[in-house]
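Student: The structure follows.
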Amino acid sequence: MSQRVIGWVLNIQVGDYSLNSVTKTYPLDLARLWSAGVAALCLVLSNTAAAAQTPSERPVHRFLTVALSPDGHRVASVEGDSPPSGRTPVVRDLVIRGVEGGAAATVALPCGRVQQCWPSSPVWTPDGKHLTFALRAPGTHARSLYNVDADGGRLTKLLDFDGTITALKYGRDGRLAMLATAGATKEVGATEAGAPITGDLGGPTPEQRIAILEAGRLSFVSPPDLFVYEYDWLPDGGFVGTAAPGDGDNNWWVAKLYGFTSSGAHLLFAPGDPQHQIANPRVSPDGKTVAFISGIMSDFGSTGGDVYTLPLAGGFAADITPAMPASATSIGWGCDGRLMARLLAGDQTEIVTLKFGAAPKVLWSGPESVSGEYAGLSLGCPTAITANSHESFTAPPEIQVGKIGAWRDLTHVNAGLTMPLTAKSISWTNEGHTVQGWLLLPLGGAGKLPMITDVHGGPAAASTPRFSGAGLDRTLLEHGYALFFPNPRGSYGQGEAFTRGNVRDLGYGDLRDILAGIDAVERAAPIDDARLGLTGGSYGGFMTMWAVTQTQRFKVGVAAAGISDWLSYYGENGIDQWMIPYFGASAYDDPAIYARSSAINFIHQVKTPVFEYVGADDIECPAPQTEEFWHALRDLGVPTSMAIYPGEGHGLRDPAHLADSERRALAWFDRYLK
């Protein structure tokens, strides 16, 4: 029979029915039969699920990047409304605002306001008269560079480039540097949808390199055999950066610190411990020192660890925050030459200054999230003005400006938005560890509440205060669910020893921390222990799959982009380098340690209904991991359902896919907890 690919099919679910977004190839006649048989059912179910949801408030306006001009007079931002199901805006604007008020100027982009016509990396020229930014051509990985006047007018194209461009930075001499990938086959980063796996898999991969814009073209500075992840200017015109040869998606975990000059690349620092990744290299204003963050990190971009300094004239890297009971998540040098950091310390975000041999000096702290390129800030030097975006569980995002800790809101675009919840920080001790998490209680709840525990990804990451707005969290709260976001061992926020707490122990100690946290929550709030659900994505998806093999305490699970079998996962994913620090060896050299934490090896112990979903082009947690778990539950007669979303990478981005996954998750929770 002839074949066809269909994107929406009926998949028989043990114990019930479900509609699944699984892209597979089926015989043509079978596809027609299934399509005819389920069309009416599809319409009924989708309408029923949509009708069950409470109407949400207007979309949350999100600020993706905030850049303060050097004179402190203007703030540029890339921003946009979240889609109806939340998450990252699909239509993005570049906006310039005066710090002292006045109308906001939205830059008129040459491609208009269409999806994926995205401005990015806005940076001010040293004199503050112009703003430079990259612009993605819709439907491609190509970029153009533009200048716009400080008032948002007179747009000038600087460059067309057949590849990706990120991290624009001006040097003291006025030259513009960036990270550029010629001939890019995908967007930068392992969380982006992967390129088709065809052809010679051992061939060379496109490398991201430091480049300088000169006379309307790019002049590459770093060598063609190194993928550069992060970089900073040296005062003399050279650069420092973290880099590794080969596949950029996979090799960040073995990156080293290099100096880049006209004579080539030279090694500055190589971590001697595989559990030490390096991130956020920042050169001091006098050019004598480079600071960076180092520690065990499971994902590029999810930064946390201790702060190190290295003299550029030669010498040893020194940990200037040893045994700090917190995690540095971003660093930068202040206008006065002091080293600054944003820390996560338990339930507090802190802006601090650092000095060797002294405890961090706290300039500001609060139970909210602040975002800016340098230590959570955008700096206007030589002024003392700073800018960033901030938000909490109950306060929506806004841009704030002012001296550190004396900020005022510059924007009020989200004024009036609320979340139907009360947020509580919960702390508990377990097996000698101090552990923290966040409990969100719905407003007006009566009696004992069902609760969903949501485990973050990573594992080196943390659940921090964020305004979710529309989306699954809000819908669950409106349906009367309490939400619990634990930060078990392996998370940031309690120091480097705590973050290493699940090395060679994935799923064991962290699950015990989570269960102890649920006990603590039940002592603090009216939670019904007989109606507990579990969910999470990425490592949280693994923890969902794993937990239902280890305990019957959870009555239902929803696993997004999970990992069911660490042995097969090692050979399937595009980022196997991250596993060595956590397992201590490859799956081929120590298969027993991988098997010990594989949910599939304990699959006969599962009684909990689990819904699983994943992106078809996920590099980090490939779809076969989800399919393997679903297949096992189906064959064992455990209620299960699965959705694989076409064209998606690690984490869903298409608003339609997000809405679909959230409808399914809500229906799954309601079915087994209501």
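Student: Among all the aspartates and glutamates, which ones have a C-alpha under 16 Å from Lys256's C-alpha, if same-chain residues fewer than 8 places away are not counted?
Tutor: In chain and number order, the partners are Glu207, Asp225, Glu230, Asp232, Asp247, Asp273, Asp299.
Student: Lys/Arg Cβ at +1, Asp/Glu Cβ at -1, dipole of region 487-602 taken about the Cα centre: which of Trp578, Ile514, Gly495 is farthest positive-ward?
Tutor: The residue sitting most towards the positive pole is Ile514.
Student: Between Asp236 and Lys448, what's the calculated FRET efficiency when r is the beta-carbon distance and R0 is 45 Å? Round to 0.05.
Tutor: On the way: r = 66 Å, r/R0 = 1.46.
After rounding, the FRET efficiency stands at 0.10.
Student: Another question, then. Pairs of alpha-carbon atoms within less than 8 angstrom and 6+ residues apart define the contacts here; what relative contact order does region 542-674 have, in percent?
Tutor: Details: 220 pairs, mean separation 38.8, N = 133.
Dividing the mean separation by the residue count of region 542-674 yields 29 percent.
Student: While we're looking at this one, here's another question. Show that you can apply the helix-only estimate: for the chain, add -39,500 (n - 2.57) for every DSSP H stretch of four or more residues, divide by all residues, and state [θ] at 222 nm to the nearest 500. Mind dumping the intermediate values first?
Tutor: Working: 10 runs with 115 residues, N = 674.
So the helix-based figure for the chain works out to -5000 deg cm²/dmol.
Student: Could you go through region 588-605 in sequence order and give the Karplus-derived ³J(HN,Hα) for each residue, using 6.51 cos²θ - 1.76 cosθ + 1.60 with θ = phi - 60°, rounded to whole Hz, and x for Gly and Pro?
Tutor: Ordered by residue, 3J(HN,Hα) equals 7, 8, 9, x, 5, 5, 6, 5, 4, 10, 8, 4, 4, 7, 10, 5, 5, 8 Hz.
Student: Now a separate question. In whole Hz and in residue order, list the ³J(HN,Hα) couplings for region 78-83 that follow from phi through the Karplus curve 6.51 cos²θ - 1.76 cosθ + 1.60, θ = phi - 60°; x for Gly and Pro.
Tutor: Going residue by residue, I get 9, 8, x, 7, 5, x Hz, with x marking Gly and Pro.
Student: Can you list the lysines whose alpha carbon sits under 26 Å from that of Lys361, skipping same-chain ones fewer than 8 residues off?
Tutor: List returned: Lys288, Lys403.
Student: Run the quick spin-label model on Ser365 and Cys381: label points 7 Å from Cα toward the beta carbon, then report their separation in nm to one decimal.
Tutor: Label at Ser365, label at Cys381, 2.7 nm between them.
Student: Straight-line reach only, C-alpha to C-alpha below 19 angstrom: list the lysines that Lys424 could link to, leaving out same-chain residues fewer than 8 apart.
Tutor: Lys448
Student: Around Leu135, with a cut-off of 11 angstrom between Cβ atoms, what is the net charge of the other residues, counting Lys and Arg +1 and Asp and Glu -1?
Tutor: Values: positive: Arg92, Arg136, Arg143, Lys157; negative: Asp160.
Around Leu135, the surrounding residues sum to +3.
Student: May I pose another question? Please report, as a whole percent, how much of the solvent-accessible surface of the chain comes from carbon and sulfur atoms (probe radius 1.4 Å).
Tutor: It is 55 percent, rounded to a whole number.
Student: Between His266 and Asp409, 0.36 nm times their residue separation minus their Cα-Cα distance comes to what? Kindly include the intermediate steps, with their values, before the conclusion.
Tutor: Numbers: separation 143, 0.36 × 143 = 51.48 nm, distance 4.42 nm.
That pair, His266 and Asp409, stretches by 47.1 nm at full extension.
Student: Quick one: length gained pulling Lys288 to Gln116 fully straight, 0.36 nm per residue minus the C-alpha distance? Before the final figure, lay out each step's value.
Tutor: Values: separation 172, 0.36 × 172 = 61.92 nm, distance 4.05 nm.
Between Lys288 and Gln116, full extension yields an extra 57.9 nm.
Student: About its Cα centre, what dipole magnitude does region 324-402 give when the only charges are +1 on Lys and Arg Cβ and -1 on Asp and Glu Cβ, stated in debye to the nearest 20? Please list the in-between numbers first.
Tutor: Working: 4 positive and 7 negative charges, 73 e Å.
The calculated dipole for region 324-402 is roughly 340 debye.
Student: When ranked by the protection proxy of mean other Cβ atoms within 10 Å per residue, highest first, what sequence do the peptides 471-477, 580-586, 246-252, 443-449 form?
Tutor: 471-477, 246-252, 580-586, 443-449
Student: A follow-up question, please. How big is the charge dipole of region 255-363 about its Cα centre, in debye rounded to the nearest 20, if each Lys and Arg gets +1 on its Cβ and each Asp and Glu gets -1 on its Cβ?
Tutor: Dipole of region 255-363, to the nearest 20 debye: 260 debye.
Student: With each pseudo-label sitting 7 Å past Cα toward Cβ, what's the Glu100-Thr551 distance in nm, one decimal?
Tutor: Those two pseudo-labels are separated by 5.8 nm.
Student: Also: Return one number: the angle in degrees, 0 to 90 and rounded to the nearest 10, between the long axis of the Cα atoms of helix 509-524 and the longest principal axis of the Cα atoms of the chain.
Tutor: Approximately 80 degrees, to the nearest ten.
Student: So what's the angle, to the nearest 10 degrees on a 0 to 90 scale, between helix 28-52 and the longest Cα principal axis of the chain?
Tutor: Computed tilt is about 80 degrees.
Student: Follow-up. Using a 7 Å offset from the Cα along the Cα-to-Cβ direction at both Asp127 and Ala656, what is the distance between the two label points in nm, to one decimal?
Tutor: 4.9
Student: Okay, moving on. Give me the extension gain from Phe220 to Ala318: residue separation times 0.36 nm, minus the current Cα-Cα distance, reported in nm with one decimal.
Tutor: Numbers: separation 98, 0.36 × 98 = 35.28 nm, distance 3.14 nm.
Between Phe220 and Ala318, full extension yields 32.1 nm more.
Student: Moving to a separate point now. Chymotrypsin sites (Phe, Trp or Tyr not before Pro), restricted to region 257-313: which are DSSP loop and have at most 15 other Cβ atoms within 10 Å? Numbers along the way, then the final one.
Tutor: Values: sites: Tyr258, Phe260, Phe269, Phe292, Phe300, Tyr308; in loops: Phe300.
Nothing satisfies the criteria.
Student: Between region 163-188 and region 598-645, what's the alpha-carbon centroid distance in Å?
Tutor: That distance is 39 Å.
Student: Which whole-number percent is the relative contact order of region 454-501 (Cα, under 8 Å, 6+ apart)?
Tutor: On the way: 45 pairs, mean separation 21.2, N = 48.
Relative contact order here is 44 percent.
Student: Using a Förster radius of 30 Å, what is the FRET efficiency between Thr394 and Arg504 based on their Cβ-Cβ separation? Nearest 0.05, please. Intermediate values should be presented prior to the final figure.
Tutor: On the way: r = 39 Å, r/R0 = 1.30.
The computed FRET efficiency comes out at 0.15.
Student: If Lys and Arg each add +1 and Asp and Glu each add -1, what is the summed charge of the other residues whose beta carbon sits under 10 Å from the beta carbon of Gly509? Don't skip to the end; give the middle numbers.
Tutor: Numbers: positive: Arg489, Arg512; negative: Glu431, Asp505, Asp510, Asp513.
Surrounding charge for Gly509 is -2.
Student: Using the heavy atoms of the protein chains and a 1.4 angstrom probe, tell me the accessible area per residue for the chain in square angstrom.
Tutor: Working: 25660 Å² over 674 residues.
Accessible area per residue: 38 Å².
Student: Which angle from 0 to 90°, rounded to the nearest 10, does the C-alpha axis of helix 655-673 make with the longest principal axis of the chain?
Tutor: Compared with the principal axis, the helix lies near 40 degrees.
Student: How big is the convex hull of the Cα atoms of region 431-475, per residue, in Å³?
Tutor: Numbers: hull volume 5.9 nm³, N = 45.
Cα convex hull per residue, to the nearest whole number: 131 Å³.
Student: Just to confirm a number: summing +1 for Lys and Arg and -1 for Asp and Glu over residues other than Gln348 whose beta-carbon lies under 12 angstrom from that of Gln348, what do you get?
Tutor: On the way: positive: Arg342; negative: Asp347, Glu350, Glu368.
Residues near Gln348 contribute -2 overall.
The values are calculated or read from the model by the stated rules, or taken from the named source; none is laboratory data. Source: prediction; values computed, not measured. Backbone-built Cβ (ideal geometry, glycine too); neighbour counts: all protein chains shown. Ligands, DNA and RNA are stripped out before the accessible areas are found, and what is left, the full protein with its side chains, is counted by its heavy atoms. Shrake-Rupley method; radii C 1.70, N 1.55, O 1.52, S 1.80 Å.
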